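The values are calculated or read from the model by the stated rules, or taken from the named source; none is laboratory data. Just so it is clear, the model here is predicted, and its values are computed rather than measured. Virtual Cβ from ideal backbone geometry, glycine too; neighbours counted across all protein chains shown.
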Amino acid sequence: VTTLPTPQTEIEPRLARWIERQGRSVLRQMVGVVSQPGVISLAGGLPAPELFPVEPYGRALQEVLHGDARALQYGPPIHRLKEQIVELMARRGVDCAVERVVITSGAQQGIDIAARLLLEHGGAVAMERLSYTGVQQAVAPLVPKRITVPSDLDAGLDVEALEERLRAGERFAFLYVVPDAHNPLGVSLAPERRERLVELAREFGFWLLEDDPYGLLGYDGDFEAPLAALDDRRVIYLGSFSKILAPGLRLGWMVVPEEAVAKVGIVKDALDLESSGLTQRAVTTLLDDFDLDAHLDLLRDTYRTRRDAMIEAVADQLPTGCRFSRPAGGMFVWVDLPGSVDAEELLMHSMEREKVAFIPGHAFAAEPGVGRQSLRLSFSTLQPERIREAVAAIARCLP
Ligand SMILES: Cc1ncc(COP(=O)(O)O)c(C=O)c1O
């Protein structure tokens, strides 16, 4: 490049306006902090690696690789995998045709696809005041108007508040909702709220984007059926192998209304043509001779013990006046602190004095100012003893 003639004036190329306005997310900033040696982290939202089906997956992968070189070729999605996904949906109480299943590279890609499919540039989207950061990031390039609704720690998204907004004339393309074991709130949506949401979607003509990565990880029995069981024309459902097998597979699925399947294919083509055919084949082979029931039981037993340890520690060690969720599954407990404690300051103290990390609630704020007095605590990767130690350490840092 140094040999090219330089024009008299040079114009700097620019990034798109939407990304120039984005700051680094709190979650990203925390990655460096929590990976320091000696830190006990309640910050991550990662599944426990000791539960990954390493051996059986390795065997399945070998079998696929040695069976047919087409495993490494471009190719259409693997039909057998879609059939297996239909079986997983049936476990969730959803009866769906194989034609409605689209394989994705994780639920995160499903959110991205749905945003591109449903949202106009500058259009409106509804989500909870405290929402999974991945949806906030996926819609950001479309610079939407965000309509934010409150949630309760025991029943989830406040559907009445949503209805008031709708009756007042507010409109949006889709509502993003995590029906069970919400990230970050740890709450499941009450059954009557599920029904009401679908009724509102019918009355006001919006889409429901249902993100359900924890749907098979209910620790006190199966979860209620998701919204997708109540409506097959307005719900776009997202599933994932990340939490039930391993996130490194980067494999998930969408269940979409039949009329939308071809359009979803157009968006998916633009993103990555197709999810890894090798991984799809390996997961299909794994699922074909894997005791998924036993595997899910192991996950649920392990996480249940950790969840119980965390709820007990939070109830016993944090001051009275704290409000917290009692998750029926998933990986997170949400804590609202009493008084005027700032969660970010608390994090600074707990890192400096105790080397314990968590995520301050405002990292999930879809509306400015919310979550400042709240913590998201993850129980998925630590032994019960460490969970108790970590919560006690946070309690010592409270004023
Ligand atoms: C609510 C929610 N949606 C989506 C994802 C991303 O899932 P995947 O690994 O399938 O992309 C996560 C991961 O933590 C999540 O918590």
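Can you run down the residue pairs with Cβ atoms below 7 Å, 6 or more apart or on separate chains, where the first is in segment 9-31 and touching a residue at least 40 places away in the same chain (Cβ under 8 Å) and the partner is surrounded by 11 or more Cβ atoms within 10 Å (Cβ to Cβ) and among the polar types (S, T, N, Q)?
Pairs that qualify, where the first residue is touching a residue at least 40 places away in the same chain (Cβ under 8 Å) and the partner is surrounded by 11 or more Cβ atoms within 10 Å (Cβ to Cβ) and among the polar types (S, T, N, Q), are S25/T133; L27/T133.
Between A365, A390, which is crowded, with 22+ Cβ neighbours inside 10 Å and among the hydrophobic types (A, V, I, L, M, F, W, C)?
A390
Looking only at segment 226-236, count how many residues are within 18 Å of K82 (Cα to Cα) and more than 14 Å from the ligand (Cβ to nearest atom).
Here the count works out to 3.
Has segment 336-352 got any residue that is surrounded by 14 or more Cβ atoms within 10 Å (Cβ to Cβ) and within 30 Å of L245 (Cα to Cα)?
There is no residue in segment 336-352 that is surrounded by 14 or more Cβ atoms within 10 Å (Cβ to Cβ) and within 30 Å of L245 (Cα to Cα).
In segment 237-261, what count of residues is obtained for those that are within 12 Å of the ligand (Cβ to nearest atom) and of a type in the set (V, I, T)?
Selection size over segment 237-261: 1.
Over 25 Å from the mean Cα position of the chain (by Cα), at pLDDT 95 or above and not aromatic (F, W, Y): is that true of S350 in this structure?
Spelling it out, S350 is indeed over 25 Å from the mean Cα position of the chain (by Cα), at pLDDT 95 or above and not aromatic (F, W, Y).
Could you check segment 370-399 and list, in sequence order, the residues that are of a type in the set (D, E, K, R) and in a strand (DSSP E or B)?
Once the filter is applied, which keeps residues that are of a type in the set (D, E, K, R) and in a strand (DSSP E or B), segment 370-399 yields only R376.
Out of the residues in segment 316-335 that are under 21 Å from the mean Cα position of the chain (by Cα) and of a type in the set (G, A, S), state the one that is surrounded by the fewest Cβ atoms within 10 Å (Cβ to Cβ).
Residue satisfying both the conditions and the ranking: A328.
Pick from L130, L153, L162: which is out of contact with any Cys (no Cβ under 6 Å at 6 or more places or on another chain) and free of Cβ contacts under 8 Å to residues at least 60 places away in the same chain?
L162
Given the conditions (1) more than 21 Å from V86 (Cα to Cα); (2) surrounded by fewer than 22 Cβ atoms within 10 Å (Cβ to Cβ); (3) hydrophobic (A, V, I, L, M, F, W, C); (4) over 20 Å from the mean Cα position of the chain (by Cα), which single one is not true for M310?
(2)
One residue is enough: does segment 238-259 have a residue meeting the conditions in contact (Cβ under 8 Å) with a residue 60 or more places away in the chain, farther than 20 Å from V283 by Cα and under 15 Å from the mean Cα position of the chain (by Cα)?
no
Those residues that are within 26 Å of L375 (Cα to Cα) and either aromatic (F, W, Y) or modelled with pLDDT of 90 or more (or both), I need them from segment 1-43; list them, please.
Passing the criteria: G38, V39, I40, S41, L42, A43.
For segment 194-217, name all the residues that are within 16 Å of the ligand (Cβ to nearest atom), of a type outside the set (D, E) and out of contact with any Ser or Thr (no Cβ under 8 Å at 6 or more places or on another chain).
Within segment 194-217, L208, L209, Y214, G215, L216, L217 meet the criteria.
Out of D316, D272, D297, I need the residue that is within 16 Å of the ligand (Cβ to nearest atom) and of a type in the set (D, E, K, R). Which one?
Working: D316 fails: within 16 Å of the ligand (Cβ to nearest atom); D297 fails: within 16 Å of the ligand (Cβ to nearest atom).
Among D316, D272, D297, only D272 is within 16 Å of the ligand (Cβ to nearest atom) and of a type in the set (D, E, K, R).
What tally of residues in segment 116-156 results from selecting those that are more than 13 Å from the ligand (Cβ to nearest atom) and either modelled with pLDDT under 95 or among the hydrophobic types (A, V, I, L, M, F, W, C) (or both)?
Summing the residues that are more than 13 Å from the ligand (Cβ to nearest atom) and either modelled with pLDDT under 95 or among the hydrophobic types (A, V, I, L, M, F, W, C) (or both) in segment 116-156 gives 14.
Each row is one residue, and each column tells you yes or no for (1) buried (at least 21 other Cβ atoms within 10 Å of the Cβ); (2) part of a helix (DSSP H, G or I); (3) touching an Asp or Glu at 6+ places or on another chain (Cβ under 8 Å).
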site: D222; (1), (2), (3): no, no, no
site: Y237; (1), (2), (3): yes, no, yes
site: G248; (1), (2), (3): no, yes, no
site: W253; (1), (2), (3): yes, no, no
site: A262; (1), (2), (3): no, yes, no
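Scan segment 103-115 for residues that are in a helix (DSSP H, G or I), within 12 Å of the ligand (Cβ to nearest atom) and not acidic (D, E) and jot them down.
Hits for segment 103-115 are A107, Q108, Q109, G110, I111, I113, A114.
Just checking, how many residues over segment 277-306 are within 30 Å of F332 (Cα to Cα) and not in a helix (DSSP H, G or I)?
Matching residues across segment 277-306 total 2.
Does E274 count as surrounded by fewer than 20 Cβ atoms within 10 Å (Cβ to Cβ), at pLDDT 95 or above and outside any helix (DSSP H, G or I)?
Against the criterion (surrounded by fewer than 20 Cβ atoms within 10 Å (Cβ to Cβ), at pLDDT 95 or above and outside any helix (DSSP H, G or I)), E274 qualifies.
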